[in-house]
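The values are calculated or read from the model by the stated rules, or taken from the named source; none is laboratory data. Computed from a predicted structure; not experimentally measured. For neighbour counting, all protein chains shown are included, and Cβ atoms are generated from backbone atoms with ideal geometry for every residue, glycine included. Remember, those area values only see protein heavy atoms, side chains included, never the ligands or the DNA or RNA. Shrake-Rupley method; radii C 1.70, N 1.55, O 1.52, S 1.80 Å.
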Amino acid sequence: MASSSAYLSFVLVICLISPAISGPLKVGFYQKKCPSAEAMVRESVQKALAADPGAVAPLIRLHFHDCFVRGCDGSILLNSTKGNTAEKDSMGNLGIGGFEVIDDAKAKIEAQCPNTVSCADIVAFAARDGVRAAGGFHYAVPSGRRDGRVSLASEVIQNLPGAFFDAAQLKANFAKKGLSLRDMVTLSGAHSIGDSHCSQFTKRLYSFNLTYSQDPSLNPNYAHLLKTKCPRNGPTDPTVPFDPVTPNVLDNAYYHNLKSDEGLLYSDQVLWDAPLTRGLVKDNANHPSAWARRFTAAMVRMGLIEVLTGTQGEIRKNCRVIN
Ligand code: HEM
Ligand SMILES: *[C@@H]1O[C@H](CO)[C@@H](O)[C@H](O)[C@H]1NC(C)=O
Ligand SMILES: *[C@@H]1O[C@H](CO)[C@@H](O)[C@H](O)[C@H]1NC(C)=O
């Protein structure tokens, strides 16, 4: 745990640099229009966490998946309609969750400040509150996003990184969103919390390639454990924690796991195995507070991807449907 003076200076640094990195958005955007907006989101996140300590992971992933498809515009929240299959119903969003927490916050906020706070901003605030709860580090979130009116399942797979991407593909995928190689490795540390369905990695256990049935980059003991949890051709698709030791703590343990060949997804382990990213993994493994600092800065940058502002889009009344 950081000392309180270290924490204060950290907050100060974030405040000083935030104008430079908030792009078209602004920290404290709702200060006058809806002063309790951020507090109401925090309440909803804390309520969800009290009921389920695993509630943080879906919120952080929700923000990522919102931002990488059509920018951070709340498109991930929209329900499918008669003529349209929405993002959330794409296979690329398997296991996506956290919607009830966003709905809960939105309902409270609408009661106090109708038509004022966007769903896209609520997602960004909730992810930040999740990071604070699970990681113990805080950052200010620039806001003022507006909500989009389009959500297409067909855009998900082409924009999100795949679980079998190699390092160069991961780099290219993040570069398309204006994020660096370092941002990509840093944000992947989110895989120190939450879990994955077996279907995202069973190929590594049973049918890797023509030479190896089991991925040689996988620690054999860990592979053995995973096989017991993910039987070949099992009737269901169970989930397995990314970090079996502290599944609800957001920390740099992820990078240590990669160094012991215990990355759950191929796209995790490759960050250690590829020369392109190995140095960045080492750095994040060796310097936990530097990683945490980079993580919050990268979350802020991710939150700026292709945002709608001003009179673009709308402020949805219900996060699951366009007005
Ligand atoms: C680098 C490329 C990435 C790939 C290929 C990837 C892929 C995946 C996959 C396949 C899952 C498991 C989903 C399931 O089966 O239920 C997952 C879960 C998760 N991802 Fe990623 N991800 C990436 C980056 C990120 C980033 C940048 C973040 C956030 C900053 C993130 C946050 C999460 C979280 C928190 C979970 C756990 C969700 C839960 O337990 O509900 N991921 N990811
Ligand atoms: C959106 O879909 C969910 C899950 O199918 C459903 O429970 C909810 O009532 C829907 N909400 C709206 C506003 O259509
Ligand atoms: C199988 O994977 C290994 C390790 O990544 C690699 O060295 C080998 O060339 C691959 N074999 C085939 C046939 O693709």
Check on Val281, at pLDDT 95 or above and over 30 Å from Thr85 (Cα atoms): yes
Test for Val150: is it open to solvent by 20 Å² or more (accessible area, probe 1.4 Å), out of contact with any helix residue (DSSP H, G or I) (no Cβ under 6 Å at 6 or more places or on another chain) and assigned by TED's automatic domain parsing to the domain that holds Asn84: yes
Residue match in the range 87-102 (condition: among the hydroxyl-bearing types (Ser, Thr, Tyr) and either at pLDDT below 95 or part of a loop (DSSP other than H, G, I, E, B) (or both)): yes
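If we scan the range 175-187, do we find a residue that is within 16 Å of ligand 3 (Cβ to nearest atom), aliphatic (A, V, I, L, M) and buried (at least 18 other Cβ atoms within 10 Å of the Cβ)? Talk me through it step by step, then tell me what you get.
Just the residues of the range 175-187 that are within 16 Å of ligand 3 (Cβ to nearest atom), to begin with: none.
No, because not a single residue in the range 175-187 is within 16 Å of ligand 3 (Cβ to nearest atom), aliphatic (A, V, I, L, M) and buried (at least 18 other Cβ atoms within 10 Å of the Cβ).
Confirm whether Ser267 is surrounded by 18 or more Cβ atoms within 10 Å (Cβ to Cβ) and in a helix (DSSP H, G or I).
Values: surrounded by 18 or more Cβ atoms within 10 Å (Cβ to Cβ): yes; in a helix (DSSP H, G or I): yes.
Spelling it out, Ser267 is indeed surrounded by 18 or more Cβ atoms within 10 Å (Cβ to Cβ) and in a helix (DSSP H, G or I).
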Filter result for Gly279 (more than 14 Å from ligand 1 (Cβ to nearest atom), assigned to a loop (DSSP other than H, G, I, E, B), more than 17 Å from Val123 (Cβ to Cβ) and not assigned by TED's automatic domain parsing to the domain that holds Arg146): no
Within the range 97-121, considering residues that are within 14 Å of the chain's Cα centre (by Cα) and buried (at least 20 other Cβ atoms within 10 Å of the Cβ), the one nearest to Ala190 (Cα to Cα): Gly98
Checking Ser213 against (1) outside any strand (DSSP E or B); (2) in contact (Cβ under 8 Å) with a residue 12 or more places away in the chain; (3) among the small types (Gly, Ala, Ser), the condition it does not meet: (2)
Tally of residues being surrounded by 22 or more Cβ atoms within 10 Å (Cβ to Cβ) and among the charged types (D, E, K, R) across the range 39-70: 2
Among the candidates Arg320, Arg294, Arg316, residue that is among the basic types (Lys, Arg), within 16 Å of ligand 2 (Cβ to nearest atom) and crowded, with 19+ Cβ neighbours inside 10 Å: Arg316
Of all residues making up the range 83-101, the number that are among the aliphatic types (A, V, I, L, M) and closer than 17 Å to Arg70 by Cβ: 2
Considering residues of the range 249-264 that are assigned to a helix (DSSP H, G or I) and among the aliphatic types (A, V, I, L, M) only, the residue least open to solvent (accessible area, probe 1.4 Å): Leu258
Test: residue in the range 176-191 that is of a type in the set (Asp, Glu) and over 21 Å from Trp291 (Cβ atoms): no
